[in-house]
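S.K.: Dumping the structure here so I can ask a few things about it.
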């Protein structure tokens, strides 16, 4: 099973979202999740990557993948097993992140979402996953 994440670049308050992510990732691994696609931008993406990487201590079989929207950017991939680049060569740079996000949804079974308002890239990715009828695990206040 493959899982991807989407969330706003700013997360407040952080502590309950971090706790929810840790619990959600652990539960997904118990359900059979093996591969986790991560975007690598913003606070939520960093929190999701940390939650997955933390689980690798007790579940070394899981894979953490940084999905790149651009090839010409230097990125730190220390909390990932490897990076991948979807077929985005012909996509204009201004659309690369949204197309990368769609690729992540298309190639995943489950979307884990921290979306608190209905505008921006995270909201668009969530709406796309809903249209694709993906299973969605969404943070709501008091989720932990």
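The values are calculated or read from the model by the stated rules, or taken from the named source; none is laboratory data. Note that the structure is predicted; figures quoted are calculated from it, not measured. Because the Cβ atoms are built from the backbone with ideal geometry, glycine has one as well, and the counts that use them run over all protein chains shown.
S.K.: Given (1) modelled with pLDDT of 95 or more; (2) outside any helix (DSSP H, G or I); (3) surrounded by 11 or more Cβ atoms within 10 Å (Cβ to Cβ); (4) out of contact with any helix residue (DSSP H, G or I) (no Cβ under 9 Å at 6 or more places or on another chain), identify the lone condition not met by residue 83.
M.R.: Residue 83 satisfies all of (1) modelled with pLDDT of 95 or more; (2) outside any helix (DSSP H, G or I); (3) surrounded by 11 or more Cβ atoms within 10 Å (Cβ to Cβ); (4) out of contact with any helix residue (DSSP H, G or I) (no Cβ under 9 Å at 6 or more places or on another chain) except (1).
So that you can scan it fast, the table gives a plain yes or no per residue for (1) assigned to a helix (DSSP H, G or I); (2) at negative phi; (3) in contact (Cβ under 8 Å) with a residue 12 or more places away in the chain; (4) touching a helix residue (DSSP H, G or I) at 6+ places or on another chain (Cβ under 6 Å):
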position	(1), (2), (3), (4)
3	no, yes, yes, yes
6	no, yes, yes, yes
11	no, yes, yes, yes
18	yes, yes, yes, yes
21	yes, yes, yes, yes
24	yes, yes, yes, no
37	no, yes, yes, yes
47	yes, yes, yes, yes
60	no, yes, no, no
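S.K.: Could you list all residues from the range 86-116 that are surrounded by 13 or more Cβ atoms within 10 Å (Cβ to Cβ) and part of a loop (DSSP other than H, G, I, E, B)? It would help to see each step written out before you state the result.
M.R.: Here is the first cut: in the range 86-116, the ones surrounded by 13 or more Cβ atoms within 10 Å (Cβ to Cβ) are 86, 88, 91, 96-116.
Listed by number, the residues that qualify are 86, 88, 91, 107, 108, 109, 115, 116.
S.K.: Next question. With 30, 66 as the choices, which residue is surrounded by 20 or more Cβ atoms within 10 Å (Cβ to Cβ) and modelled with pLDDT of 95 or more?
M.R.: On the way: 30 fails: surrounded by 20 or more Cβ atoms within 10 Å (Cβ to Cβ).
Going through 30, 66 in turn, the sole match is 66.
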